Amino acid sequence: MTGKKSKVLLVGWDAADWQIINPLLEQGKMPALARLLNKGAWGNLVTLDPPISPMLWTSIATGKRPYKHGISGFTEIAPNKKTVRPVRVTSRKCKAVWNILNDYGLNTNVIGWWPSHPAEKVRGVCVSNFYGVLPKDETDDWPLLKGTVFPEIFADELAELRLNPNELTADIMRNFFPHAPNLFAHNDAVLRSCMRILAHATSIQAVATHVMDNTDWDFTAVYFDALDHFSHLGMKYHPPKLEAVSDVDFQKYHYIVEAAYRFHDMMLDRLMDLAGDDCTVMLVSDHGFESGRNRMIMLPNEPGAPALEHRAYGVFAAGGNMVKPGQVYGASLLDVAPTILNLFGLSTAKDMDGNSIQCIDKEVDKAFIESYDSIDETESSAEEFSSIDQQLLVDLEELGYIKPLSPNAENEIILTENEFYMARSLADGGKLEEALSKMNRLVNLQPETERFANFYATLLLRANKLIDLELWLQTQKSSDFTNYIQGLVYLQQGKPLLAARKFEEFSTNTNANLHLQTARAWLQAGNIDLAKKHAQQSLKLSPENTSVLNLLGNLAWQMQAWEEALGWYFNSLKLLYYQPHVHDRIGQCFVGLNLLQEASNAFEVSLKMQPNNTAVYQSFTEVLKALGISAESNFKRVHENVKPAIVVTGFPRSGTSMMMQILNAAGVPLLVDDVRKPDANNPNGYFELEAVKSTASNQKYLNKAAGKAVKIVMPLLRLVNPTMPLKVIWMDRPIDQILKSQETMLGKPSSAINLQQASRLKEEQERVETWLNQHPHISYLKLDYNVLVGSPEKQLQKLLDFLQINIDLKTLIKEIKPKN
């Protein structure tokens with residue numbers, strides 16, 4: 001950590017949305033947030049799939065996707081294997097940002113995070129998400145559950161700060177129902193729900209302000225779920241009035257959402273005052289909430305249905321002396337934890353999925369740490385199952401997030417739903433094969449569950465498993481969904497006219513995605529006018545769909561309408577910045593406008609996101625050449641955070657397979673397949689990748705090579721287009737020994753050396769060495785095969801130093817098993 005001592009307050013507002021906030025800011029109704037934004041940074045925060053809050057808030061706290069952090073839903077099976085309970089923090093498999101800060105001697109407070117029960121033993125105060133949960137009967141006898149507060153000595157003191165809904169008066173609630181003064185007298189159900197939500201939020205605020213005011217802290221995180229609950233309850237009544245909402249209900253309930261946001265602004269005002277001017281304040285939400293024409297009056301009867309009301313874009317706002325003011329683009333909720341670490345001068349860990357949001361004016365150690373989870377494990381307080389668990393289950397049922405069940409419900413219900421959520425998380429993270437494996441089990445287990453089958457089909461399509469998908473279609477009854485999937489199959493098979501006709505069989509004209517796919521089909525068929533027509537209809541129905549914006553950009557790009565295309569692409573990037581293909585297209589548009597410096601910048605961004613894209617690298621190189629700039633001088637900057645691929649090279653029979661075996665023993669991941677089987681000549685295996693043989697025409701396998709070892713024999717090495725950093729291990733064996741070994745392998749031993757062949761190999765070695773020296777971003781190490789086999793210690797130490805690996809040499813020596 002460097003510089004002045006940092007102090008950070010992280011405030012979580014579940015489901016907060018700029019579409020609601022911005023009009024209130026313009027009307028001066030959220031002055032505290034306006035104060036934060038005055039000299040601060042702001043922007044969208046892209047959510048993850050599935051938008052399930054405990055999974056998302058854990059990703060915010062860890063910088064990792066759910067399949068890494070382990071929280072897989074709202075509920076879990078208790079250790080007794082019989083009881084269903086609300087998800088616990090003990091299911092989290094990695095450290096949260098507050099645990100990491102504790103490891104560096106910093107004091108942290110954690111208030112109400114979801115999930116955080118039982119309270120973690122932090123260096124500070126932890127109040128779990130069970131705090132403030134009131135039994136349904138709203139009794140005054142309201143004991144605090146064991147494990148809710150750490151240190152436990154503060155439990156009685158903090159318990160007194162909770163607010164019972166019955167303490168809320170009609171005057172207080174009139175702020176939420178200004179046009180319905182008689183609701184209290186009628187014990188209105190919506191009013192009672194608002195009172196419970198408001199009382200819980202007030203309890204969280206009370207304990208947060210008390211802890212902040214009475215402890216010495218460096219970092220405090222406080223989470224409010226109230227906006228999400230208020231929105232699920234009242235968004236259908238929010239202006240503008242929906243046709244399905246009666247005039248009477250609209251009059252009574254239309255102010256709920258606005259009042260909720262204004263109340264949160266009042267709470268934020270107090271939190272910022274307590275934090276002080278020297279504190280960086282960060283406000284985030286895990287997702288947004290539909291507030292326009294896409295609002296839902298009725299939800300389908302399925303678990304997690306309320307998540308259908310969520311928008312993909314949450315809120316990010318930050319202010320303080322270490323924050324650069326202005327709008328930020330493309331931030332993800334995975335970026336929050338790395339940003340907090342950077343605020344404290346700590347680097348992002350390599351095993352995190354996010355990166356620091358580019359709004360921090362703070363000196364940070366650029367060197368990535370492998371993982372913070374290697375430091376001591378975290379501990380949680382002791383806990384017990386109680387009526388609070390039961391009440392949380394009831395609350396989740398009433399909101400529609402889980403099916404009605406008892407604490408003794410069959411485990412399969414919970415396990416199946418959580419496995420579905422985890423499959424979606426894997427797919428969202430690009431791990432399609434692992435997601436398909438889970439979904440294959442689920443569709444076989446519950447073939448009648450439509451949402452499982454539908455998601456399975458979309459995964460097959462994404463993985464380009466068209467044969468499997470067509471076999472699946474044959475087992476399904478005809479429906480709108482199967483017809484839609486069949487149209488997508490036609491599209492992927494290059495049959496756009498069949499796809500367009502299939503899509504246009506649908507009677508509905510209100511499905512944005514259907515219009516999008518129809519537009520793609522007509523574009524592929526060459527009918528620009530029909531493609532544009534359907535794309536515009538899709539945009540009207542879904543104005544924040546990046547796929548639609550990109551398609552409209554592509555249509556303009558195809559017509560060489562460069563400025564129009566740029567407009568569509570930039571609008572897309574404002575919503576989702578991490579789109580390397582869009583940055584590439586922007587570069588191409590700038591080339592078309594002869595704005596070469598701007599083109600260079602766009603290509604560079606694309607390459608940083610996808611460093612081994614040969615086509616983009618070629619475009620980047622050509623633009624730099626036109627600008628009179630050396631491409632090599634920019635290569636290191638573009639690839640500064642990219643793990644190099646490790647290439648093992650040499651002629652066949654020079655020890656390349658043995659070296660791959662050594663690397664495997666050293667813990668280096670290998671990029672191999674099992675196409676070529678072990679045989680008498682290489683009984684331990686060849687450790688090859690079949691795709692390498694096609695290096696001259698197709699180098700897509702290099703997309704997966706970062707941080708891994710791949711064997712590329714010397715005649716193919718010079719064909720590699722080096723668009724990523726490489727560490728080359730050259731197995732150097734005398735040419736006469738190589739030729740003799742090759743002849744023995746082929747069953748054609750000879751006492752004489754083929755001098756012409758030996759000369760060709762020698763020339764190829766010289767060409768390869770020249771090629772390697774021409775690329776300064778490629779480092780290489782020659783290892784003498786004979787010395788490695790005879791006296792391996794020094795050669796292996798050179799290897800470990802080259803790769804920066806620390807491992808016992810004895811582990812590697814036993815892998816040296818020469819064969820001819």
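The values are calculated or read from the model by the stated rules, or taken from the named source; none is laboratory data. Computed from a predicted structure; not experimentally measured. Using ideal geometry, Cβ is built from the backbone for each residue, glycine included, and neighbour counts are taken over all protein chains shown. Just the protein is used for accessible areas: all its heavy atoms, side chains included, with ligands, DNA and RNA removed. Shrake-Rupley method; radii C 1.70, N 1.55, O 1.52, S 1.80 Å.
List the lysines whose alpha-carbon lies under 16 Å from that of Lys711, not counting same-chain residues fewer than 8 positions away? Counting by Cα, and skipping residues close in sequence, Lys711 has these lysines nearby: Lys677, Lys693, Lys700, Lys727, Lys782. For the chain, the longest principal axis of the C-alpha atoms and the axis of helix 411-428 are separated by about 60°. Quick one: angle between helix 189-214 and the longest Cα principal axis of the chain, in degrees between 0 and 90, rounded to 10, please. With rounding to tens, the tilt is 70 degrees.
As an exercise, take the mean of 1/r over every pair of distinct alpha carbons in the chain, invert it, and state the Kirkwood radius in angstroms. Value: 30.0 Å, from the Cα pair sum. Counting only protein heavy atoms and using a 1.4 Å probe, the accessible area of Tyr484 comes to about 40 Å². When the residues Glu448, Glu604, Glu290, Glu434 are ordered by accessible surface, computed with a 1.4 Å probe over the protein chains alone, the sequence from largest down reads Glu448, Glu434, Glu290, Glu604. Using heavy atoms of the protein chains and a probe of 1.4 Å, the accessible area assigned to Asp49 is about 50 Å². For the chain, the mean residue ellipticity at 222 nm estimated from helices alone is -14000 deg cm²/dmol, where every DSSP H run of n ≥ 4 contributes -39500 (n - 2.57) and the total is divided by all residues, rounded to the nearest 500. List, in the order given, every pair from Lys431/Lys708; Lys81/Lys136; Lys431/Lys704; Lys495/Lys540 whose Cα-Cα distance in the structure shown is over 21 Å. In this structure, Lys81/Lys136; Lys495/Lys540 exceed 21 Å between Cα atoms.
Remark on Thr75: its backbone amide H falls under 5 Å from those of Val87, a criterion applied only to residues 5 or more positions apart or on other chains, H modelled at 1.01 Å from N.
In this Cβ point-charge picture (+1 for Lys and Arg, -1 for Asp and Glu), segment 185-314 has a dipole of about 660 debye about its Cα centre. Sorting Leu183, Leu716 on solvent-accessible area from highest to lowest, probe radius 1.4 Å, gives Leu716, Leu183. For His186 and Lys82, the FRET efficiency from 1/(1 + (r/R0)^6), where r spans their Cβ atoms and R0 equals 30 Å, is about 0.10. Under 22 Å of direct C-alpha separation, and excluding same-chain neighbours fewer than eight residues apart, Lys7 reaches these lysines: Lys39, Lys95, Lys121, Lys324, Lys362, Lys366. Between the listed residues Val284, Val548, Gly319, the Cα displaced farthest toward the positive end of the dipole of the chain, a dipole computed from Cβ unit charges relative to the Cα centre, is found at Val548.
Secondary structure note: in the chain, about 30% of the DSSP beta bridges are antiparallel. Distance from the alpha carbon centroid of segment 522-584 to that of segment 764-806 works out to 48 angstrom. Accessible area per residue was computed with a 1.4 Å probe on protein heavy atoms; Ile172 scores about 70 Å².
Evaluated with a Cβ-only charge set (Lys, Arg +1; Asp, Glu -1), segment 572-712 carries a dipole of roughly 140 debye about its Cα centre, given to the nearest 20. The relative contact order of segment 61-123 comes to 29 percent, based on Cα pairs under 8 Å that sit 6 or more residues apart. Between Lys540 and Leu432, the distance separating the two model label sites (each 7 Å from Cα on the Cα→Cβ line) works out to 3.3 nm. Rounded, prolate or oblate, given the Cα gyration tensor of segment 1-115, with a/c below 1.5 counting as rounded? Here segment 1-115 falls in the oblate category. Overall shape: prolate for segment 183-222, with the ratio a/c of the largest to smallest alpha carbon gyration tensor axis at 1.5 or above and a/b above b/c. Leaving out ligands, DNA and RNA, and with a 1.4 Å probe, what % of the accessible surface on the chain is carbon or sulfur? Answer for the chain is 49 percent, counting heavy atoms of protein chains only. Shape of segment 420-469 from its Cα gyration tensor (a ≥ b ≥ c, root eigenvalues): rounded if a/c is under 1.5, otherwise prolate when a/b > b/c, or oblate? Oblate is the answer for segment 420-469, as a/c is 1.5 or above yet b/c matches or exceeds a/b. Computed about its Cα centre, the charge dipole of the chain is approximately 3260 debye, with only Lys, Arg, Asp and Glu carrying charge at their Cβ. If one takes the longest principal axis of the Cα atoms in the chain, at what angle in degrees, from 0 to 90 and to the nearest 10, does the Cα axis of helix 755-774 lie? Rounded to the nearest ten degrees, it is 40. Largest accessible area first, the residues Trp472, Trp42 order themselves as Trp42, Trp472 under a 1.4 Å probe with ligands, DNA and RNA left out. Among Leu163, Gly124, Pro135, pick out the residue whose Cα is farthest towards the positive end of the charge dipole of segment 87-170, where Lys and Arg carry +1 and Asp and Glu carry -1 on C-beta, about the Cα centre. Going by the charge dipole, the pick is Gly124.
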